[in-house]
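The values are calculated or read from the model by the stated rules, or taken from the named source; none is laboratory data. Owing to the predicted nature of the structure, the values given are computational and were not obtained by experimental measurement. Cβ sites come from the backbone with ideal geometry, for glycine too, and all protein chains shown count toward neighbours. Note: accessible area is taken over every heavy atom of the protein model, side chains too, but ligands, DNA and RNA are not part of it. Shrake-Rupley method; radii C 1.70, N 1.55, O 1.52, S 1.80 Å.
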Amino acid sequence: MKKKFWLISLMACIFLVSGCGKSTNNQSVLKDVQQANTITWGVKGDVKLFGLIDVHDGQQKGFDVDMAKHITKHILGPKGRAEFVTTTSQSRIPLLKNRNVDAVIATMTITPERKKVISFSKSYFDAGQSLLVPKNSKIKSTKDLSGKTVIGVVGANSVQNIKKVAPKAKIIELQDYAQAMNALKSKQGDALTTDNGILFGLAVQNPGYEVRGGTFTVEPYGVAVDKGQTAFAEAVDKAVLEMQHNGEYNRLIKKWFGDVPGFKYKELYRQ
């Protein structure tokens, strides 16, 4: 009898696909994180100012990381825990769909294409695409990119954008921003393109380069959650709104962008 009961239980687990004790995509992520008192976030590990692994202690640090910590406290309370999984532009959606993370906050632009497979909170940061070039470059804007080689990152929205504004430019796509920056340094390309906040972070790390071209797109960053997790997305929206009203949001903006040369951080303030 015990053997038969065990076999029935095993078959039930297989039928549920996701395994015993593990939530399926149809279950409430909000309820899951509340029960665990933990939100697992996908964050960048190679993007200074937003999500960069500190070589001294191995911890991710940046605006997105701090936002995740604050949002976690607002949703779960002061004892709520935020855990982090390093992601890239290419792996963000797979990590989310496979439930390796509960949410992604990783310089991710809200786009119609992405909304077909995942859901977003309302925008928590307003970025815009720019160019990073050597200081002695003659490139001033996207108008100067005809016949030039532009470096982008796989999975980033910026690659498709640059194809539209500079159709005669050659595009190289690399796996992450570290590779992209090394390619620019080794003159494999004439410019690197992505969102301005990311580029200013690269410019801080590499003094011989500067951000140019203004912003030629509007890139609203959103917290990504799996499809159908409306309650969780609404909880994130509520948390961000509370942060804006109590001044936490603006303090984080100043903390991470206030000392960046050329970055007009006060334009990002929200009330």
Name every residue in the stretch 125-159 that is without any contact (Cβ under 8 Å) to a residue 24 or more places away in the chain and not in a helix (DSSP H, G or I), in order of residue number.
136, 138, 146, 147
If you check every pair at least six apart or on different chains, which have Cβ atoms under 7 Å apart with a residue in the stretch 61-80 that is within 11 Å of residue 235 (Cα to Cα) first and a residue that is polar (S, T, N, Q) second?
76/34; 76/37
Looking at the stretch 125-144, which of its residues are crowded, with 19+ Cβ neighbours inside 10 Å and more than 28 Å from residue 254 (Cα to Cα)?
142, 144
Six or more apart or on different chains, Cβ under 8 Å: which pairs go from a residue in the stretch 185-206 that's without any contact (Cβ under 8 Å) to a residue 40 or more places away in the chain to one that's open to solvent by less than 30 Å² (accessible area, probe 1.4 Å) and in a strand (DSSP E or B)? Could you list them?
188/149; 188/151
